[in-house]
Amino acid sequence: MEGKNILENELNYDAHKTLGEQDGEIVLNDSYSLIDDRDSLDKGSDATRKEEVRRQRREKEIRNLKASKAYKFISTVTTLADKYFLDALLGLVPSVGDLVSSIFGLPFIYVTLFKVKSIPLTLAVIYNYLVDILLGSIPFFIGDAIDFFSKAHVKNLDLITRYVEGDKKTIRQVRSKALLTAFLIIILSVIIYFVFRLLIGVTAWTWTLLIDMFKWLIGLF
């Protein structure tokens, strides 16, 4: 009888020991899980803080750019050249009018290249101006009529603003088309060069003809 009691006590001791070890493992596993959860929360908080810092820095850069004299100047140029049709009126001057009006585009190129510091955006702005110059050079006042509706400065100011404000679609389009835009700029530059050589030659011939006709009319009297 005593042997039986001793055996039962040993079995109960082993059972309690086993349960205690299992409970210890459960507590230990739970503590590890809590540590992992805390680490994940800390990492998530760090990522959120970094994202917030980047967002605030981005917003500050946007405010500084829009408050800069260069940005205000291109906004003024856009108002005068396109909204008050100064660009189109200059285009009425034969041959050189479009070249003179294209000088208004230089401040935009300065902003994209030195303020925004984006070569793809600079290429996009230059491309828009070259297209505007080529369309404006169409003779018989067709190009002059197009100038009243083709607002390159408005288009470029809007492009710069959307790019700076982080519009993902605009940024993706500008960057993905950078190489193509660079190639098209070369092609357009060559075409514009020969077009203006032709226009200057035609203009010189026209003035010579008018002067000769005027002299002939004077000779009649």
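Odds and ends about this structure:
- Gyration tensor analysis over the Cα atoms of the stretch 111-218 returns equivalent ellipsoid semi-axes of 39, 14, 10 Å (largest first, whole Å).
- In nm, spacing of pseudo-spin labels at LYS177 and LEU86 (7 Å Cα→C-beta vector): 2.8 nm
- Electrostatic bookkeeping for THR78 treats Lys and Arg as +1 and Asp and Glu as -1; over the other residues with beta carbon under 11 Å from its beta carbon, the sum is +1.
- Most to least packed among 68-77, 182-191, 117-126, 210-219 [average Cβ atoms within 10 Å]: 117-126, 68-77, 182-191, 210-219
- Net charge, ALA67 excluded, C-beta distance under 13 Å - Lys, Arg +1, Asp, Glu -1: +4
Just so you know, all these numbers are worked out from the coordinates, no wet-lab data involved. All values derive from a computational prediction rather than experimental measurement. Note that we place each Cβ from the backbone using ideal geometry, even for glycine, and neighbour counts take in every protein chain shown.
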